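Working notes, structure below.
The values are calculated or read from the model by the stated rules, or taken from the named source; none is laboratory data. None of the values given here were measured: they were computed from a predicted structure. Glycine also receives a Cβ, built like all others from the backbone with ideal geometry; neighbour counts cover every protein chain displayed.
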Amino acid sequence: MSALLEKARQILTEGDLCDHCLGRAFSHLGSGLRNAQRGKALRIVLNMEGSLFPENEQNCRICRGIFSQVPQWAERAVAAVEGIEFRTYLMGTRVPPSIESAELALKAHHELRGEPFKQEFNREVGRLFGALLAERRHPVAVDFLDPEIVLLMDLEKSELYLQITPLFIYGRYKKFVRTIPQTRWPCRECRGRGCARCHFTGKMYQESVEELISPPLLRATRGTGTAFHGAGREDIDALMLGTGRPFVIEIKEPKVRTLDLIKLQEEINASAAGKVEVSELRFVKGSVVERLKSIEAEKVYEARVRFAEPIRPEQLQEALERLRGATIEQRTPTRVVHRRADLVRTRRVLEISGELLSPTEALIRVHCEGGLYIKELVSGDGGRTRPSVSELLRIPSEVMELNVLEVLGDFLGSES
Ligand SMILES: [Zn+2]
Ligand SMILES: [Zn+2]
């Protein structure tokens, strides 16, 4: 008798196993076979050699015959994904501790190298799930890395959980009004519950860039919500112009994933007309969000500045000359220090130019490293930002209007 058969005989002599669990103990032997076939083959040969071990699934000391439930799990999975568009999936099993420990004990005792129970159970349910969907003309494939849905079977609780992977859509937005924040801003008074101050909306501002962009996307995907990830954010009162600011909008639990992004872009731009405009919409991987958050992008700003006293054009040019290429030491601005750490950062002004609109007003254009606060670069923030326009002119200066013209950087990387 071969060593393999002898081992199988020993295992079965110690206690019953179903064909799945017997075959799985030797899953590394014989390619192209299913574990149940391996188990059945061993059982047949043992029978022919005189040892009779009839299969009784319910007596399997590892799984107690749980593989007989595969068809029910597959049907439950099919019912759970009804009406949901996806092409790739992943099956997961939460294995009861009793199965896990029985399997570990058997493997340790007989020095077996077979695959874990979980892997076979996922595969068996997945195979049938795929076949049932194929019959319904819905072809799907397993994807271990980036599945569009995950089905998790909790065998002990007999619960099936469906997770739908979010959709990530990249784009750039422009903002043409000075009254809306980038994302929904919960009311300071009631923290979003609704109160008299916020007219029971729970919000500080009635609209946001996110709220202007998301409704058409939510309708088209039948998602349950969005998360908005911007490559930084401008002040509420600053416009976002030029080519716009990169963002990724994450759509949670989308039921539809095939979208006409050109049409959706038009729809968003029509409904948000005059306030927000998006461009370059495209699908990206979720990893772009981290990239977007990690890049401290260089920016180009345009600021309308007012001086407390009239100045001459040469004075302005002289001040700008001293700021061009300068390293600015900027202590966290007074206006944001309540929510940001109070520290001194250094950022460079890469390019700066400007001209007087009147003796007390100028238009200044600044290209700087990410993280430099422009309002304070002008005002000096009571000496917290040095040097500043105010300091160099020795005249209090203030930004009246700020526009972001460019947010520079490679935000898509190899994802594009
Ligand atoms: Zn079993
Ligand atoms: Zn409120």
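Of all residues in the range 359-416, those being part of a loop (DSSP other than H, G, I, E, B), among the polar types (S, T, N, Q), over 17 Å from V349 (Cα atoms) and modelled with pLDDT of 95 or more number 1. The residues of the range 13-26 that are under 22 Å from I66 (Cβ atoms), more than 12 Å from ligand 1 (Cβ to nearest atom) and surrounded by fewer than 19 Cβ atoms within 10 Å (Cβ to Cβ) amount to a single one, E14. For the range 41-53, the criterion of being more than 13 Å from ligand 1 (Cβ to nearest atom), in contact (Cβ under 8 Å) with a residue 40 or more places away in the chain and of a type in the set (S, T, N, Q) is met by at least one residue. Residue pairs whose Cβ atoms lie under 6 Å apart, sitting 6 or more positions apart in sequence or on different chains, and linking a residue in the range 381-400 that is surrounded by fewer than 17 Cβ atoms within 10 Å (Cβ to Cβ) to a partner that is aromatic (F, W, Y), are I395/F307. Considering each of R34, R94 in turn, give the residue that is within 44 Å of the chain's Cα centre (by Cα) and under 23 Å from A108 (Cβ atoms). Every option except R94 fails the conditions. Figure legend. Inter-residue proximity from the range 55-84: first residues of a type in the set (S, T, Y), second residues more than 16 Å from ligand 2 (Cβ to nearest atom), beta-carbon distance below 9 Å, spacing 6+ or different chains. Indicated pairs: S68/C18; S68/E57; S68/Q58. With respect to K175, determine if the residue is in contact (Cβ under 8 Å) with a residue 40 or more places away in the chain and either within 16 Å of ligand 1 (Cβ to nearest atom) or buried (at least 18 other Cβ atoms within 10 Å of the Cβ) (or both). Criteria met by K175. Residue selection: I268 fails the criterion of being closer than 26 Å to D410 by Cα, β-branched (V, I, T) and either within 21 Å of the chain's Cα centre (by Cα) or modelled with pLDDT under 95 (or both). Here R76 meets each of (1) touching a Lys or Arg at 6+ places or on another chain (Cβ under 6 Å); (2) closer than 30 Å to P166 by Cβ with one exception, condition (1).
Let's see how each residue does on (1) more than 12 Å from ligand 1 (Cβ to nearest atom); (2) among the β-branched types (V, I, T); (3) surrounded by fewer than 16 Cβ atoms within 10 Å (Cβ to Cβ); (4) in the same structural domain as T221 (by TED's automatic domain parsing):
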position: L29; (1), (2), (3), (4): yes, no, yes, no
position: R38; (1), (2), (3), (4): yes, no, no, no
position: N56; (1), (2), (3), (4): no, no, yes, no
position: E82; (1), (2), (3), (4): yes, no, yes, no
position: M91; (1), (2), (3), (4): yes, no, no, no
position: E103; (1), (2), (3), (4): no, no, no, no
position: R113; (1), (2), (3), (4): yes, no, yes, no
position: Q119; (1), (2), (3), (4): yes, no, yes, no
position: E135; (1), (2), (3), (4): yes, no, yes, no
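Q182 falls short of the stated requirement of being of a type in the set (S, T, N, Q), assigned to a loop (DSSP other than H, G, I, E, B), within 19 Å of I236 (Cα to Cα) and within 16 Å of ligand 2 (Cβ to nearest atom).
Being touching a Gly at 6+ places or on another chain (Cβ under 8 Å) and either acidic (D, E) or within 13 Å of ligand 2 (Cβ to nearest atom) (or both) is a description that does not apply to P166. Residue count for the range 31-85 under the criterion of being more than 23 Å from A102 (Cβ to Cβ), of a type in the set (D, E) and not in a helix (DSSP H, G or I): the result is 3.
Condition check ((1) buried (at least 16 other Cβ atoms within 10 Å of the Cβ); (2) touching a residue at least 12 places away in the same chain (Cβ under 8 Å); (3) within 25 Å of the chain's Cα centre (by Cα)) across all residues:
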| position | (1), (2), (3) |
| --- | --- |
| G192 | yes, no, yes |
| A196 | no, no, no |
| F200 | no, no, no |
| E210 | yes, yes, yes |
| I213 | yes, yes, yes |
| R219 | no, no, yes |
| G223 | yes, yes, yes |
| A231 | yes, yes, yes |
| E234 | yes, yes, yes |
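Quick check: anything in the range 309-330 under 25 Å from F247 (Cα atoms) and surrounded by 15 or more Cβ atoms within 10 Å (Cβ to Cβ)? No; the residues of the range 309-330 include none that is under 25 Å from F247 (Cα atoms) and surrounded by 15 or more Cβ atoms within 10 Å (Cβ to Cβ). For the range 205-231, filtered to residues that are touching a strand residue (DSSP E or B) at 6+ places or on another chain (Cβ under 7 Å) and either within 16 Å of ligand 2 (Cβ to nearest atom) or among the β-branched types (V, I, T) (or both), the residue that is nearest to K174 (Cα to Cα) is V209. Scanning the range 167-177 turns up at least one residue that is modelled with pLDDT of 95 or more, over 30 Å from G15 (Cα atoms), assigned by TED's automatic domain parsing to the domain that holds L217 and not in a strand (DSSP E or B).
Per-residue answers, yes or no, for (1) within 16 Å of ligand 2 (Cβ to nearest atom); (2) more than 30 Å from S279 (Cα to Cα); (3) touching a Ser or Thr at 6+ places or on another chain (Cβ under 8 Å):
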| residue | (1), (2), (3) |
| --- | --- |
| E103 | no, yes, no |
| E111 | no, yes, no |
| E124 | no, yes, no |
| L128 | no, yes, no |
| A141 | no, yes, yes |
| P147 | no, no, yes |
| K157 | no, yes, no |
| G194 | yes, yes, yes |
| R197 | yes, yes, no |
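Quickly run through the range 149-165 and pick out the residues that are within 18 Å of the chain's Cα centre (by Cα) and either among the basic types (K, R) or buried (at least 19 other Cβ atoms within 10 Å of the Cβ) (or both).
I149, I164, T165
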